[in-house]
Amino acid sequence: MFLIEALGVLLVLAGMPFFLAGTLGLLRFPDVYTRLHALTKADNLGLGLVVLGLALQASSWQAAAKLLLIWVLVLLASATACHIVARSALHRGLKPWNRKEQ
Amino acid sequence: MTLVRSTTRYVAALAFLWWVLGGTEPASWAVGLPVMVLATALSMAIAPSRPWKWRLRVIPAFAWFFLKESLRGGIDVARRAYSVHMSLQPAMLNYPLHLPDGPARVFLLNVLSLRPGTLSADIRENTITIHTIDTSLPVEQELRELEKSVGSLFAVDLKPEQETGNE
């Protein structure tokens with residue numbers, strides 16, 4: 001039991017740097033498209049690790065299932081929102097950032 | 001008949017979701033039930049459902065593949081965000097789809113946005129527009145493999161290369 005708890009804590013801690021990376025990318029990356037990359041992928045992994053860590057420490061199977069379901073729903077929402085933002089940027093004629101043109 | 005069946009399925013799936021998230025608290029269902037009905041009606045109005053199914057025996061392999069790719073994608077983009085010089089070489093690419101029109105395509109678009117280095121930006125006819133964060137990544141080859149996996153998950157056949165008729 002102690003091992004599982006410890007693994008849970010480790011997974012939650014492992015998720016943190018990815019949330020930070022998502023925010024860092026949002027601030028540092030040069031255009032809307034690259035920022036979307038940071039938000040969707042880093043937060044997906046960060047949330048996945050946190051959810052997995054919390055599920056290991058959950059008091060019941062239902063609570064663990066609920067956490068995993070939340071992850072899946074967030075993934076669905078973030079992938080869809082990301083596509084919509086990228087498409088609207090593309091339709092407005094926003095060109096992807098390019099190092100040579102800067 | 002099919003409309004009744006798909007509506008019932010939709011409501012049942014939403015009810016299950018609500019139950020997992022909110023439990024059996026009556027007050028929560030006072031909100032949940034109307035929202036379920038509205039969501040179903042809205043979904044039917046916007047996008048009449050097309051039948052689709054997943055091959056059950058392919059699900060574990062696909063789930064494993066998806067988890068692996070999520071890990072790779074997250075690490076890849078985190079590495080770029082933390083690095084001092086941020087190795088970015090972004091570009092837009094057009095990719096002719098081999099998957100037939102339908103839910104499998106929507107699924108593909110969502111999954112590819114969570115994989116390393118790619119982001120779905122648009123879909124027109126049989127071509128998708130993808131933003132890649134680094135043109136040195138083997139984007140096309142990985143997309144082809146992803147299409148195959150999604151095709152096998154949804155039990156649909158891919159169109160052969162020459163018939164996709166890009167442009």
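Observations on the structure shown:
- Shielding value for A:68-78 is 2, the average number of Cβ atoms from other chains within 10 Å of each residue's Cβ.
- Positive minus negative residues near B:SER43 (Lys, Arg vs Asp, Glu; Cβ under 15 Å): +3
- Under 28 Å from the Cα of B:LYS159 - lysines, other chains or at least 8 residues apart: B:LYS53, B:LYS68, B:LYS148
- Student exercise, the range B:56-163 dipole from Lys, Arg, Asp, Glu Cβ charges, in Debye to nearest 20: 420
- Angle in degrees between helix B:2-22 and the longest Cα principal axis of chain B, rounded to the nearest 10: 90
- For chain B, the relative contact order is 23 percent, taking Cα pairs closer than 8 Å that sit 6 or more residues apart in sequence and dividing their mean separation by the residue count.
- Shielding score for B:110-120, defined as the mean number of other chain Cβ atoms within 10 Å: 5
- Across peptide B:67-79, the mean count of Cβ atoms from other chains lying within 10 Å of each residue's own Cβ comes to 6.
- Highest average packing first - B:149-158, B:110-119, Cβ atoms within 10 Å: B:110-119, B:149-158
- For the Cα trace of chain B, dividing Rg by the Kirkwood Rh returns an Rg/Rh value of 1.04.
- Counted as membrane-span-like here are DSSP H helices of chain A whose alpha-carbon atoms extend 27 Å or more along the helix's own axis and whose Kyte-Doolittle mean is 0.0 or above; these are A:2-28, A:61-91.
Throughout, read-outs are computed from the coordinates displayed, never taken from laboratory work. For clarity, every value in this text was computed on a predicted model and none was experimentally measured. Note that we place each Cβ from the backbone using ideal geometry, even for glycine, and neighbour counts take in every protein chain shown.
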